[in-house]
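Worksheet for the structure shown next.
The values are calculated or read from the model by the stated rules, or taken from the named source; none is laboratory data. If you're wondering where the values come from, they're calculated on a predicted model, not measured in any experiment. Positions of Cβ are generated from backbone atoms using ideal geometry, with glycine treated the same way; all protein chains shown enter the neighbour counts.
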Amino acid sequence: MPAGNTYEAIATQTLGSAAASVTFSSIPSTYTDLVLVSNYQLTTGDNFMTIRFNSDTGSNYSFTNFYGEGTAPASDRTTNATAGRIGFYGSNQSNSIVNIMNYSNTTTNKTALSRDNTNTYVVTRVNLWRNTSAINSITILTSSPNLTAGSTFSLYGIASA
């Protein structure tokens, strides 16, 4: 990131009750990049979170995971998925930072880099959304179980000085 850039808060959502998803909509196109910070817990069991841009449910997402616990590093890749991935299977509690580059550029596909820490794993992930549309909404969701009350999601814009 070039010197002089600053984070500007766009929106924060704290869940008052359990929910299956969180959406940020009407994202302004005035920033260079976006940063999504999530601190969440699932109501039960193990699962991972997914991320969608502009409500796109088509098979337009790919991601590569690099993860490990202790001395057992691993990686895997998924193509033609219906959502990107954040968080990690194997933990019901996580914090995640997702950097979404050039989100308002309309000539390139979108890349999102995430770093996730759970109570058992550290995960780095590269997500690709194969679409050149500017991102104006982000939905974070889980298929099962729900996010607990108190889970927080904050969206920041990177403003060029």
Of the listed residues (ASN39, ASN80), the one being surrounded by fewer than 17 Cβ atoms within 10 Å (Cβ to Cβ) and on the phi > 0 side of the Ramachandran plot is ASN80
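How many residues, within segment 61-73, are in contact (Cβ under 8 Å) with a residue 12 or more places away in the chain and surrounded by fewer than 19 Cβ atoms within 10 Å (Cβ to Cβ)? Break it down stepwise before answering.
First pass over segment 61-73, keeping only residues in contact (Cβ under 8 Å) with a residue 12 or more places away in the chain: 61-69.
Next, from what is left, pick out any that are surrounded by fewer than 19 Cβ atoms within 10 Å (Cβ to Cβ): 62, 64, 66, 68-69.
Final tally of qualifying residues: 5.
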Tell me whether segment 86-96 contains one or more residues that are touching a strand residue (DSSP E or B) at 6+ places or on another chain (Cβ under 9 Å) and at pLDDT 95 or above.
no
If we keep only residues of segment 21-53 that are closer than 18 Å to ASN136 by Cα and among the aromatic types (Phe, Trp, Tyr), then the residue modelled with the lowest pLDDT is TYR31
Query raised in the report: On the given criteria, is ILE27 assigned to a loop (DSSP other than H, G, I, E, B), of a type in the set (Val, Ile, Thr) and under 25 Å from GLY16 (Cβ atoms)?
Result: yes
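With the condition being surrounded by 15 or more Cβ atoms within 10 Å (Cβ to Cβ) and without any contact (Cβ under 8 Å) to a residue 60 or more places away in the chain, I'd like the strands (runs of 3 or more DSSP E) fully within segment 103-154 carrying at least 3 qualifying residues. Outline the logic, then answer.
On the way: elements: 110-118, 122-129, 138-141.
Hits in segment 103-154: 110-118.
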